[in-house]
1. Pick out, from the stretch 702-777, the helices (runs of 4 or more DSSP H) lying fully within it that include 3 or more residues that are in contact with a Phe, Trp or Tyr (Cβ under 7 Å, 6 or more places away or on another chain) and under 27 Å from residue 689 (Cβ atoms).
2. If only one of 228, 251, 256 is surrounded by 12 or more Cβ atoms within 10 Å (Cβ to Cβ) and at pLDDT below 85, which one is it?
3. Only one of 998, 925 is among the basic types (Lys, Arg), within 17 Å of residue 900 (Cβ to Cβ) and modelled with pLDDT of 90 or more; which?
4. Scan the stretch 1036-1051 residue by residue and report those that are over 12 Å from residue 1013 (Cβ atoms) and not charged (D, E, K, R).
5. Starting from residues that are surrounded by fewer than 22 Cβ atoms within 10 Å (Cβ to Cβ) and hydrophobic (A, V, I, L, M, F, W, C), keep the ones in the stretch 874-893 and report whichever is farthest from residue 386 (Cα to Cα).
6. If I go through the stretch 613-626 residue by residue, how many of them are crowded, with 21+ Cβ neighbours inside 10 Å and within 23 Å of residue 342 (Cβ to Cβ)?
7. If we scan the stretch 775-793, do we find a residue that is farther than 22 Å from residue 862 by Cα and either touching a strand residue (DSSP E or B) at 6+ places or on another chain (Cβ under 8 Å) or outside the structural domain of residue 1088 (by TED's automatic domain parsing) (or both)?
8. Based on what the data block shows, is residue 279 outside the structural domain of residue 382 (by TED's automatic domain parsing), in contact (Cβ under 8 Å) with a residue 40 or more places away in the chain, buried (at least 20 other Cβ atoms within 10 Å of the Cβ) and not in a helix (DSSP H, G or I)?
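The values are calculated or read from the model by the stated rules, or taken from the named source; none is laboratory data. The structure displayed is predicted, hence computed values, not measured ones. Cβ: placed from backbone, ideal geometry, glycine included. Neighbour counts: every protein chain shown.
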Amino acid sequence: MAESLQAQLEKLRLSIKGLEAQRLALGDEVVEPALAALRQQETVLEAQLAVQAVPVEERRMVTILFIDMVGSTAMAEKMDPEEWRQVVSRLHTSMGAAINSHHGSIAQYLGDGLLAFFGSRQASENDPENAIRAALDIQAAADNQNFPEKIQLRAGIHTGLVVVGELGDATHKEFTASGDAMNLASRLQSAAPPGGIMISNDTYHYVRGVFDLTPQPPLTVKGKREPVLTYLVRRAKPRPFRSVTRGVAGVETRTVGRDLEMQSLCQAYLKAYEGHGVVWVQLLGEAGIGKSRLMEDMMDWIDLREETTRLMRARAFPDDANQPFALVRRLWFDRFQIAEDIPLQQAEARWVERFSEFYGREDCDEPAHALGLLVGLPFENSPYIKAMRTDPTQVKGRAFVVSRELVNAVRKYNQVVILLEDLQWTDLASWDYLAEVFFDPFTGAQPNGVFILAAARPEWHPPKGLADLLGSSSSVSETSAPCGTLVDLSPLSDQAVREMAMELLQRVPIVPEQVIELLVERSEGVPYFAEEMVNWFIDHGILDTQGEQWCIYPERLKEQPLPATLQHLLLTRLSSLSTAERVALQRGAIFGRRFWSGGVEALGIAAGTEVFGHLQPRGFVESQPESAFQGETEWSFHQNMLHEVTYESVLKRERLALHKVAAGWLEKQARNAGRLEEFAGLLGEHYQRAGELGSAIDWFMLAGQRALLQGAAREAVGYFTQALSLLPPVDKERRWKTLLGRESAYNVLGEAEPRKADLDAILDLARDFEDENYLAEAYLLTAGFSAQIGDDRFARQYARDALATSRQCGNQAVEAKALSLMALATEFKPELIEPAIRNIEIAQQLARTLEDKSILAMVLFRAAICYAALGDFVKSVDMMIEQVDLHHKLGNRALEAVGLSNLAGVYMRMGLNKQTRAVIEQSRRLNESLGAHRGIAYNMIGLGELALYTGDLRTAHAMFDQALLQIVPSNDIFAKCVILTGLGFVQLGMEDAPGAHRRLTEAYELATKIEQPPQICIASAALAQCTVMQGQLEEASKYINPAWEHLQALGIVGIENPSLIYRLCAEVYDALGDEANLQAVLEGGYKMIMDVAEKISKPEWKQSFLENEPLNRAFLELWERRKRNSL
């Protein structure tokens, strides 16, 4: 007699155990190959056992569909029998096609209707969904067919336990089902309205989130003690979301002990629905406390409301730190229904299509490409984002603006609901995104009426703005300000755990009290712990779940004591698995919480999909609906703690080799998918754990470059730092590239001190290279940094070094940049003006010979600033216009906006107010499209100065206030100094001397701190005027004398409003009675204005400069008045 599969499996496991016992005697080299072969046989036998033939009759969970025609008797009476038969035949044909296409089976044709089963022969968790989709298709087909009369159908669907099998004698047998579930499905069909599909509450539990449903009044059914909850199906959701069933296989449990928390969530949702800004509800609790379950319950509640919602959902994972904007990518890919594993070209096409649908616009290519670039879709041939690729600030800023516009556009018509899970693992770049898109910290702008429900463990690290919001009292606000509610989930009470235990053991007729008390005592109020204890009962034969009614054997607890902690329990459950199952899980853990069947097979596990398929219903793993790699099944550990326990059970001596193989497999998959850069950080981690440091360095460098180009500068710093920590000193080339990358990231972050340290290291390293191009580049970078922080002396020194070195090695690109930088950093003393102009001209000539037009644009940008400082406005304007046009053609909107802002400043100096306002607004639109808050701040400064000089003090005050709000996060001290000075002038105009004194003193201190003599001069003159207003004449002389001395020694270079400073000096000296200085100031100011006017070659501009520019006009009137008085 042939041995049964179970007997063969038991013998094989004894052989494996015996071989393991001989490991010390035989050694690993002998035992491991033999074990591998036996484990493979074990996996095959387990799979065969799992798919053994179904018995002739058996109890099954089946979804039943009854469907019937409304008013068929009356219709048949009106038709010829042959004609009626054709109608029914066509109807049956369309019904059968729909049922077959959705994996159902027809049990019986019932006159003009039918009975169908879903899951009667091969069960699937999708059976209820398939039944409803089949019914919807049948209804649609009936509506579209050209019948003599309009046909209406009604359907009833119920999911329940039945006995399936063949009934009948030898002459005729039918495969059918019997049981109370059949009666209920038939009753639902009778109760459904014409054209309707009515489902039971049991079916609803499987399909919530997949269809739009309308709850119905409870239905009284004969033979049922309580009325039955029912729902009408309206339609399939355009973007369905399926809840993941967790806990114990075979039971559906309700949530217990969270009524107050649920009430809080519902109130918060209603606040958002009523339009009270963004409402963020944060669930906080330890692992397994029930955060995900509460989120599912909340979605069920929202799903049954009448309004249509647009759902966006994403979850963070432990390895997200290696992938900037990982959460954001999942959020939008999930919304746009883009699978991670589809080819890149298809993903890009679908992205643009779904983006347009979501936005409700057709001309969406540019914004779609901009946001796509942020989340890893390159759009290589896009004409819209060409220059953006090399500027991380533009990439990030534009994508954030697009996202805000997109959410606002959708919110006009639908409620927006966002669900975010496991935020304790959120990457820093995604935190920036969430904070700026939904709570713009610069302007306070936010989408109106957006509900965000998020979950995290207590160790999460949210951005300060969100943490402050959740910790404030804004949760009770009735305004449109953002609201935050923190829901701290505590362990369940003992009574709640008792209720939960009864839910988990609902199929046990009589649950022993000692078992309930054990669950209460050991679970410590943690639902996941309680669920895992029940799973442990099943694993160890204490709970038998084979029949319809479960049996529990509490006496067996004496033989196998229950582990005391959750971690110990998980380890015990892991140990109870077969060797093949345990090793498969361990191999999966090498990849992380998420892993792939193919990856596990690469680590030596055959038939991985079958093994994990057996482990899924036992609560170890979950198959994912989508995979990161095409053709690969992706899995996830049911709980992160389970992954951690499993990984720790892997022998340390095995990990190096396993991580190496895992890295190789991941690299191959990512390369085939065209996503190497996206997985670079993860690959670096694997290669580092494998001890392959050379490969790890390369991947960390690539990850750093990708993060930098995405605008994720903080992550870029982390990757480059990891690479540097592994690099040996002799690897100069890679160290050079890595230091350059990190220096660029620090530049984006505005962190001067670490950037300066990297520049010093770059200079030292450059001196070790034989090629002087490295040194020229290092000098130029350091010169640019010095100019940026306002240290013109060092900027000139390093620029001269860069110039000399570049000429020695023939690097014309560095030479042109160095010449223009030297000119920009010139002190502009009379004897230095001519050399500065010569440097500008040589730089221009050189730049025009180079193919790289971006260098010419940079040189023109700097040259225009120099000519403006020298008072040659016409030449400055010509160069600015050429620079703006070049950057426009290059697609660099950020530098185009800066050039326009500078152009507006020159127009303002000439009194061309109409042109000034138009150009500022043009620059502002570009900056706003990029989310360039620093650029917007400078636009606000320009508008504020224009309003101030034309006497509109109220507008000026508002503009400077907005500028201050925009500039604070960028840490631009110079701009803050200018803004505070402007506010001081506004308050002087309003005759608020104390307020003006506070603002101007702060501006003076900042200007002194950053060593900006022109700003010190301006603040000093304004403070002198302020103290005169306060009657403090002695104090006024302390401020006015340094200002006048500056004008005499250094002239007007760097002073945006020189006529104003001359007028202030004159008025203060007049108040002090200092006639000599008053006369000298008047003469100096008049000469300055006339000298500048002579340089303006366009007559209309010259006239405007003298007559329309309010500061010049005010000074000339003062000069004329004093001149008349002296006669």
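1. The qualifying helices (runs of 4 or more DSSP H) are 713-726, 732-749.
2. 251
3. 925
4. 1036, 1037, 1039, 1040, 1041, 1044, 1048
5. Taking the candidates together, the pick is 874.
6. Residues in the stretch 613-626 being crowded, with 21+ Cβ neighbours inside 10 Å and within 23 Å of residue 342 (Cβ to Cβ): 0 in total.
7. Yes.
8. It is false that residue 279 is outside the structural domain of residue 382 (by TED's automatic domain parsing), in contact (Cβ under 8 Å) with a residue 40 or more places away in the chain, buried (at least 20 other Cβ atoms within 10 Å of the Cβ) and not in a helix (DSSP H, G or I).
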